[in-house]
């Protein structure tokens, strides 16, 4: 792999992968479903972190997982926005 390839972020690779695709309303609906599920995961994990704190337990792993869920949720939102842009602006 070239040095340039190593410096590319996962987001830019994801955008490149989708650059040639034609999106449909079904794609947008699926993205919305992913967001709803991701929001549920985040809320559930926030509850777990809160419960662990209330019981004086170590929260490090639970907080790391929460951060992963939050990052994944943000990627789903970016995907939804990109799909919507392509559908409604034709770009």
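The values are calculated or read from the model by the stated rules, or taken from the named source; none is laboratory data. Everything numeric here is computed off the predicted structure, so don't read it as measured data. Neighbour counts run over all protein chains shown; Cβ positions are idealised from the backbone, glycine included.
General remarks:
- Residues satisfying the stated conditions in segment 78-91, i.e. part of a helix (DSSP H, G or I), in contact with a helix residue (DSSP H, G or I) (Cβ under 8 Å, 6 or more places away or on another chain) and exposed (fewer than 15 other Cβ atoms within 10 Å of the Cβ): 78
- Residues in segment 52-59 include at least one that is at pLDDT 95 or above, surrounded by 13 or more Cβ atoms within 10 Å (Cβ to Cβ) and not in a helix (DSSP H, G or I).
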